[in-house]
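Peer 1: This is the structure, below, for whatever I ask next.
The values are calculated or read from the model by the stated rules, or taken from the named source; none is laboratory data. Predicted model, so just to flag it, every value in this text is computed and none were measured. Here the Cβ positions follow ideal geometry from the backbone for every residue, glycine too, while neighbour counts run over all protein chains shown. To get the accessible areas, we keep the full protein, side chains included, count just its heavy atoms, and leave off ligands, DNA and RNA. Shrake-Rupley method; radii C 1.70, N 1.55, O 1.52, S 1.80 Å.
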Amino acid sequence: PQKNPNTAGYLRIKNLGKEEIKLINVKADFAEMSEFHLMKEEYGIMKMTLLKDGILIPAGSTVSLEPGGMHIMFMKLNTSLKLSEEHKIHLTFEVASL
């Protein structure tokens, strides 16, 4: 919705390498803060928790960030986002074995 200070981002990440990697950071020019979150049901109530250690992507696997599961939270938006617009985000990865 217009004027909403937060929104979520969804994507799939495919690791074609032979080592697991970790998504450790995300930045977007349209939000002051960006974090990785997980939605999960506890005792019949959906709760969102911060994934402060990032997201592991095993070698040869695809990880989906999607509604009702892991996702990116874009917070304190500095512009109203529209469905037809495209925006770039910057993802930072590290080799998980480091």
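Peer 1: Does Ala31 satisfy being touching a His at 6+ places or on another chain (Cβ under 6 Å) and among the small types (Gly, Ala, Ser)?
Peer 2: no
Peer 1: Any chance you could count how many residues in the stretch 68-98 are in a loop (DSSP other than H, G, I, E, B), in contact with a strand residue (DSSP E or B) (Cβ under 7 Å, 6 or more places away or on another chain), in contact (Cβ under 8 Å) with a residue 40 or more places away in the chain and open to solvent by 50 Å² or more (accessible area, probe 1.4 Å)?
Peer 2: 3
Peer 1: Look at the stretch 40-67 and say how many of its residues are open to solvent by less than 50 Å² (accessible area, probe 1.4 Å) and under 22 Å from Lys18 (Cβ atoms).
Peer 2: Going through the stretch 40-67 one residue at a time, the tally reaches 7.
Peer 1: Six or more apart or on different chains, Cβ under 9 Å: which pairs go from a residue in the stretch 17-30 that's within 13 Å of Ile89 (Cα to Cα) to one that's basic (Lys, Arg)? Could you list them?
Peer 2: Ala28/Lys88; Asp29/Lys88
Peer 1: Let me ask another. Of all residues in the stretch 52-95, count the ones that are among the aromatic types (Phe, Trp, Tyr) and in contact with a Lys or Arg (Cβ under 9 Å, 6 or more places away or on another chain).
Peer 2: So the count comes out to 1.
Peer 1: Quick check on my filter: what residues within the stretch 1-37 are outside any loop (DSSP other than H, G, I, E, B), open to solvent by 100 Å² or more (accessible area, probe 1.4 Å) and either within 21 Å of Gly68 (Cβ to Cβ) or not basic (Lys, Arg) (or both)?
Peer 2: Of everything in the stretch 1-37, those that are outside any loop (DSSP other than H, G, I, E, B), open to solvent by 100 Å² or more (accessible area, probe 1.4 Å) and either within 21 Å of Gly68 (Cβ to Cβ) or not basic (Lys, Arg) (or both) turn out to be Arg12, Lys14, Glu32.
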